[in-house]
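The values are calculated or read from the model by the stated rules, or taken from the named source; none is laboratory data. Predicted model only: the values in this text are computed from it and were never measured. All Cβ positions, even for glycine, are placed from backbone atoms using ideal geometry, and neighbour counts span all protein chains on display.
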Amino acid sequence: MSYEVVIKKAALKNAARMPQLIQAKLAILLDDLRDIGPVLPSWPNFSGIGKGRYHCHLGHKWVACWQWEDEAIKIEVYYAGSRENAPY
(Lines give C-alpha, C1' and ligand atoms only; values in the text may rest on other atoms or scores of the structure.)
Protein backbone atom coordinates (compact mmCIF):
# COMPACT_ATOMS: atom_id res chain seq x y z
CA MET A 1 0.00 0.00 0.00
CA SER A 2 1.24 3.46 -0.86
CA TYR A 3 0.37 6.54 1.20
CA GLU A 4 -0.13 10.09 -0.02
CA VAL A 5 2.30 12.41 1.78
CA VAL A 6 1.43 16.11 1.97
CA ILE A 7 3.83 18.70 3.35
CA LYS A 8 2.52 21.91 4.88
CA LYS A 9 3.86 25.12 3.35
CA ALA A 10 5.48 26.21 6.63
CA ALA A 11 7.29 22.87 6.93
CA LEU A 12 8.69 23.30 3.41
CA LYS A 13 9.84 26.81 4.25
CA ASN A 14 11.62 25.58 7.40
CA ALA A 15 13.14 22.64 5.52
CA ALA A 16 14.75 25.03 3.05
CA ARG A 17 16.76 26.48 5.97
CA MET A 18 18.10 23.09 7.06
CA PRO A 19 21.61 21.90 6.16
CA GLN A 20 21.78 19.84 2.95
CA LEU A 21 22.44 16.57 4.82
CA ILE A 22 19.33 17.06 6.94
CA GLN A 23 17.27 17.94 3.86
CA ALA A 24 18.43 14.65 2.32
CA LYS A 25 17.33 12.76 5.45
CA LEU A 26 13.95 14.51 5.27
CA ALA A 27 13.58 13.33 1.66
CA ILE A 28 14.31 9.75 2.77
CA LEU A 29 11.76 10.11 5.58
CA LEU A 30 9.13 11.29 3.10
CA ASP A 31 9.85 8.26 0.91
CA ASP A 32 9.51 5.95 3.93
CA LEU A 33 6.24 7.60 4.94
CA ARG A 34 4.92 7.07 1.42
CA ASP A 35 6.13 3.46 1.11
CA ILE A 36 5.84 2.12 4.69
CA GLY A 37 3.32 4.35 6.43
CA PRO A 38 3.18 6.62 9.47
CA VAL A 39 4.68 4.23 12.04
CA LEU A 40 8.46 4.16 11.56
CA PRO A 41 10.14 2.72 14.67
CA SER A 42 13.46 2.33 12.80
CA TRP A 43 13.89 6.12 12.67
CA PRO A 44 15.91 7.83 15.47
CA ASN A 45 13.80 8.84 18.46
CA PHE A 46 10.57 7.93 16.68
CA SER A 47 7.57 8.24 18.98
CA GLY A 48 3.92 9.05 19.09
CA ILE A 49 3.12 12.51 20.43
CA GLY A 50 -0.65 12.23 20.61
CA LYS A 51 -3.50 10.52 18.84
CA GLY A 52 -2.37 10.03 15.26
CA ARG A 53 0.67 12.31 15.66
CA TYR A 54 4.30 11.22 15.41
CA HIS A 55 7.79 12.64 15.29
CA CYS A 56 11.39 11.56 14.72
CA HIS A 57 14.81 13.16 14.73
CA LEU A 58 16.55 13.98 11.48
CA GLY A 59 19.72 15.02 13.28
CA HIS A 60 20.81 16.25 16.70
CA LYS A 61 19.00 19.59 16.29
CA TRP A 62 16.36 18.69 13.69
CA VAL A 63 12.98 16.94 13.81
CA ALA A 64 9.97 16.21 11.64
CA CYS A 65 6.38 15.84 12.86
CA TRP A 66 3.45 14.34 11.00
CA GLN A 67 -0.14 13.31 11.55
CA TRP A 68 -2.29 10.51 10.23
CA GLU A 69 -5.88 9.49 10.80
CA ASP A 70 -6.62 5.77 11.20
CA GLU A 71 -7.39 4.02 7.94
CA ALA A 72 -6.57 7.10 5.85
CA ILE A 73 -4.05 7.00 3.02
CA LYS A 74 -3.01 10.63 3.58
CA ILE A 75 -0.12 11.58 5.89
CA GLU A 76 0.47 15.27 6.60
CA VAL A 77 3.93 16.52 7.56
CA TYR A 78 3.07 19.63 9.54
CA TYR A 79 6.51 20.50 10.92
CA ALA A 80 10.13 20.09 9.87
CA GLY A 81 12.73 22.17 11.62
CA SER A 82 14.71 22.71 14.80
CA ARG A 83 13.94 20.80 17.97
CA GLU A 84 13.75 24.07 19.90
CA ASN A 85 10.69 25.21 17.93
CA ALA A 86 8.98 21.82 17.56
CA PRO A 87 5.23 21.88 18.33
CA TYR A 88 5.16 19.10 20.94
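Quick notes on this structure:
- Subset of segment 19-71 (residues that are under 12 Å from the mean Cα position of the chain (by Cα) and among the charged types (D, E, K, R)): Lys25, Asp31, Asp32, Arg34, Arg53
- For segment 54-88, residues that are surrounded by 15 or more Cβ atoms within 10 Å (Cβ to Cβ) and outside any strand (DSSP E or B) total 4.
- Any hit, segment 36-48, residues being modelled with pLDDT under 95, on the phi > 0 side of the Ramachandran plot and not in a loop (DSSP other than H, G, I, E, B): no
- Within segment 14-35, tally of residues that are among the aliphatic types (A, V, I, L, M), in a helix (DSSP H, G or I) and in contact with a Gly (Cβ under 8 Å, 6 or more places away or on another chain): 3
- For segment 1-51, the candidate set comprises residues that are in contact (Cβ under 8 Å) with a residue 40 or more places away in the chain and surrounded by fewer than 11 Cβ atoms within 10 Å (Cβ to Cβ); within that set, the residue that is farthest from Ala86 (Cα to Cα) is Met1.
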